[in-house]
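Notes follow once the structure below has been shown.
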Amino acid sequence: MKLAARVGQVKPSLTLAITAKAKAMAADGLDVCSFSAGEPDFPTPAHAIAAAQRALDEGKTRYGPVAGEPALRSAIAAKLARDNGVNWAAENVIVTNGGKHSLYGLMMAVIEGGDEVIIPAPYWVSYPDMVTLAGGTPVIVETTAATGYKITPAQLEAAITPRTKLLVLNSPSNPTGKVYTPDEVRAIAQVVLRHDLWVVSDEIYEKILYDGAQHLSIAAVSPELQQRTLISNGFAKAYSMTGWRVGYLAGPVEIINAVAKIQGHATSNVCTFAQYGAIAALTEPQDCVETMRQAFAERRGVMLERIRAIAGLTCTEPEGAFYLFPEIEALGIGSMEFCERFLEEHQVAIIPGIAFGSDRNVRLSYATGMDTILKGMDRLEKFVASLEKSPQTCQ
Ligand SMILES: *Cc1c(COP(=O)(O)O)cnc(C)c1O
């Protein structure tokens with residue numbers, strides 16, 4: 001059968017492909033170190049699991065409202081007020097099949113042919129492809145280590161055209177780990193207001209911050225900003241609930257209703273008993289979040305020090321999330337070749353920066369045990385040293 005043209009317009013997710021290849025090599029008996037997966041390596045907190053089990057026992061196994069269980073929508077609204085200073089009611093929240101699906105639902109609801117969506121690079125893999133699938137045009141704005149891989153107000157201003165509809169902000173960022181300071185968020189907000197743009201703010205890593213970094217949601221800057229911001233978030237990263245597939249989108253009610261209309265034809269509701277696990281995650285004690293954050297902080301320190309000690313690599317310090325994004329440009333090879341050879345020759349899986357719109361970098365996740373980190377860093381030292389000696393790098 002002839003496939004729809006849109007299939008050819010998007011690329012498969014490189015992150016998922018490399019993770020799969022590393023798993024296959026491990027299944028073949030190879031000693032693989034994987035830094036590729038974008039998910040915490042901790043179990044889901046026991047109270048979330050217990051709440052989902054209780055929901056199953058209570059027969060919460062049927063279809064539910066498309067926009068989510070009322071109790072979860074209310075718990076999310078309370079969380080937005082408590083943690084973010086954003087006052088939305090339950091009707092301003094839709095529960096989706098993960099943060100990824102909330103972004104997809106939003107693009108399908110608001111983007112059409114001719115619409116431009118500004119995406120700062122390095123970006124999370126799926127943003128441009130989601131815009132393309134919705135028929136819009138991703139406008140990629142490159143950033144560098146010099147600005148902490150953050151878009152400046154001047155860069156944003158220069159990228160705006162009469163067709164610009166939406167800006168995608170992701171702070172803390174996957175892949176760079178960088179966090180917009182409150183002042184930087186306010187400066188971006190001014191440009192957004194002046195040009196009458198909308199923003200989608202992907203805040204999935206808001207709880208994973210280091211060294212006193214602060215998360216300010218752009219929706220909290222002013223009531224005007226709140227009216228033109230969609231907050232996308234979920235339970236996967238903060239609560240180690242990646243497989244549960246629960247996320248949400250919060251914003252003006254006409255947009256939430258439009259996303260719900262589409263979701264009603266696409267997936268109906270999110271798994272009912274999974275939503276009860278999410279309620280427990282939000283409403284029960286939050287120390288599990290802090291325990292994971294501290295483990296990430298320790299690993300970040302070790303890995304950053306080791307990477308910075310390797311001649312030929314430079315790396316900015318991440319302020320959030322759980323990724324390092326070193327620059328490999330000085331080695332004279334592209335990120336794809338770097339990652340393919342590292343996996344083949346040293347059995348270490350990392351993600352080429354090209355997947356995030358930057359061929360100068362590679363991404364390493366430190367959501368993995370300290371043993372793997374130490375072994376992987378030994379191998380990285382050897383690999384980079386071999387590249388510096390090898391004539392193949394002079395092509
Ligand atoms: C992991 C991630 C998401 C969403 O993940 P879900 O599992 O769909 O909730 C969204 N944005 C970024 C930047 C991510 O890294």
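The values are calculated or read from the model by the stated rules, or taken from the named source; none is laboratory data. Only a predicted model underlies this, so the values are computations on that prediction, with no experimental measurement involved. Glycine also receives a Cβ, built like all others from the backbone with ideal geometry; neighbour counts cover every protein chain displayed. Ligands, DNA and RNA are stripped out before the accessible areas are found, and what is left, the full protein with its side chains, is counted by its heavy atoms. Shrake-Rupley method; radii C 1.70, N 1.55, O 1.52, S 1.80 Å.
Looking at the stretch 242-278 only, could you name the residues that are among the hydrophobic types (A, V, I, L, M, F, W, C), assigned to a helix (DSSP H, G or I) and within 16 Å of the ligand (Cβ to nearest atom)? Give the derivation first.
Initial filter on the stretch 242-278 (among the hydrophobic types (A, V, I, L, M, F, W, C)): 244, 246, 249-250, 253, 255-256, 258-260, 262, 266, 270-271, 273-274, 278.
Keeping just the survivors that are assigned to a helix (DSSP H, G or I) gives 244, 253, 255-256, 258-260, 262, 266, 273-274, 278.
If the condition is that a residue be among the hydrophobic types (A, V, I, L, M, F, W, C), assigned to a helix (DSSP H, G or I) and within 16 Å of the ligand (Cβ to nearest atom), then Trp244, Val259, Ala266, Ala274, Ala278 are the ones that fit.
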**Request:** Please find, among Val259, Val253, Val289, the residue that is surrounded by 15 or more Cβ atoms within 10 Å (Cβ to Cβ), within 26 Å of Gln226 (Cα to Cα) and at pLDDT 95 or above.
**Result:** Val259
**Asked** Just to be sure, is Val168 touching a Phe, Trp or Tyr at 6+ places or on another chain (Cβ under 6 Å) and either in a strand (DSSP E or B) or outside the structural domain of Pro138 (by TED's automatic domain parsing) (or both)?
**Response** yes
**Item:** Residue in the stretch 158-206 that is least open to solvent (accessible area, probe 1.4 Å), counting only those that are within 21 Å of Gln226 (Cβ to Cβ) and among the basic types (Lys, Arg)
**Value:** Lys165
**Complete:** Conditions (1) touching a Cys at 6+ places or on another chain (Cβ under 8 Å); (2) in contact (Cβ under 8 Å) with a residue 40 or more places away in the chain -> Leu304 fails only (2)
**the stretch 350-366: number of residues that are assigned to a loop (DSSP other than H, G, I, E, B), open to solvent by 10 Å² or more (accessible area, probe 1.4 Å) and not basic (Lys, Arg)** = 2
**Prompt:** So which residues in the stretch 322-349 are open to solvent by less than 10 Å² (accessible area, probe 1.4 Å) and in contact with a Cys (Cβ under 8 Å, 6 or more places away or on another chain), if there are any at all?
**Reply:** Leu324, Phe325, Pro326, Val348, Ala349
**Asked** Is one or more of the residues making up the stretch 217-232 within 16 Å of the ligand (Cβ to nearest atom) and surrounded by fewer than 22 Cβ atoms within 10 Å (Cβ to Cβ)?
**Response** no
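Going through the stretch 193-216 one residue at a time, which ones are touching a Leu at 6+ places or on another chain (Cβ under 8 Å), more than 10 Å from the ligand (Cβ to nearest atom) and either closer than 30 Å to Thr272 by Cβ or not hydrophobic (A, V, I, L, M, F, W, C) (or both)? It would help to see each step written out before you state the result.
Here is the first cut: in the stretch 193-216, the ones touching a Leu at 6+ places or on another chain (Cβ under 8 Å) are 193, 197-202, 215.
Next, from what is left, pick out any that are more than 10 Å from the ligand (Cβ to nearest atom): 193, 197-201, 215.
Across the stretch 193-216, the qualifying residues are Val200, Ser201, His215.
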